[in-house]
Amino acid sequence: MLSPHLLLSVLLVSLLPACKAGNQGGATDPLAEARQRWADQGLEHYRYQARQQCYCGPKALQPASILVNGQQARLEAPDDQELAPLARPVEAWFALIEEKQRKGWHQVDVDYHPQWGYPRHIRLDFDPRMADDEQQYWIEDLTPTAIKR
């Protein structure tokens, strides 16, 4: 008769292929899917409104209008330099999300636009025990534009 440890090992080894097969089709990567939906749009020139919630200066909490031409993003009102970190092309927002996930932040929750794929709301928290480290970003009213020079 087989020892209980050996029997358990044989049973676990026989179940591993079933677990792997079940995960291949069932596990999805929301970030990768959203990136693909965004890439499928082929938008290179667009504008959007961005705002953030963070523990930063009051001017930084104001909404910002962002204009993107290719991979260059800028504030439409350049005198609001406290809002400059919001001036990013959508791909840079995806990179931010990917970085925080890779670094193992406690909370990286994202609501993606169902059709276009861009992140509409990003919630970040480095450590649940730390106060004042949470960040939130909203991307709203994204619309394609003509090329601006």
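The values are calculated or read from the model by the stated rules, or taken from the named source; none is laboratory data. Here the structure is a predicted model, which is why all the values come from computation and not from measurement. Cβ: placed from backbone, ideal geometry, glycine included. Neighbour counts: every protein chain shown.
If you go through the range 68-87 one residue at a time, do you hit one that is part of a helix (DSSP H, G or I), touching a Phe, Trp or Tyr at 6+ places or on another chain (Cβ under 9 Å) and modelled with pLDDT of 90 or more?
Among the residues of the range 68-87, at least one is part of a helix (DSSP H, G or I), touching a Phe, Trp or Tyr at 6+ places or on another chain (Cβ under 9 Å) and modelled with pLDDT of 90 or more, which makes the answer yes.
Hey, does the range 39-54 have a residue that's at pLDDT 85 or above, farther than 20 Å from THR145 by Cβ and either in contact with a Pro (Cβ under 8 Å, 6 or more places away or on another chain) or surrounded by 13 or more Cβ atoms within 10 Å (Cβ to Cβ) (or both)?
So far as the range 39-54 goes, yes, one or more of its residues are at pLDDT 85 or above, farther than 20 Å from THR145 by Cβ and either in contact with a Pro (Cβ under 8 Å, 6 or more places away or on another chain) or surrounded by 13 or more Cβ atoms within 10 Å (Cβ to Cβ) (or both).
Scan the range 107-115 and tell me whether some residue there is within 20 Å of GLN36 (Cβ to Cβ), surrounded by 13 or more Cβ atoms within 10 Å (Cβ to Cβ), of a type in the set (A, V, I, L, M) and at pLDDT 90 or above.
Yes, the range 107-115 has at least one match.
Go through the range 96-109 and give me each residue that's in contact (Cβ under 8 Å) with a residue 40 or more places away in the chain and closer than 9 Å to LEU124 by Cβ.
Kept after step one, since they are in contact (Cβ under 8 Å) with a residue 40 or more places away in the chain, are these residues of the range 96-109: 97-98, 101.
Hit for the range 96-109 is ILE97, nothing else.
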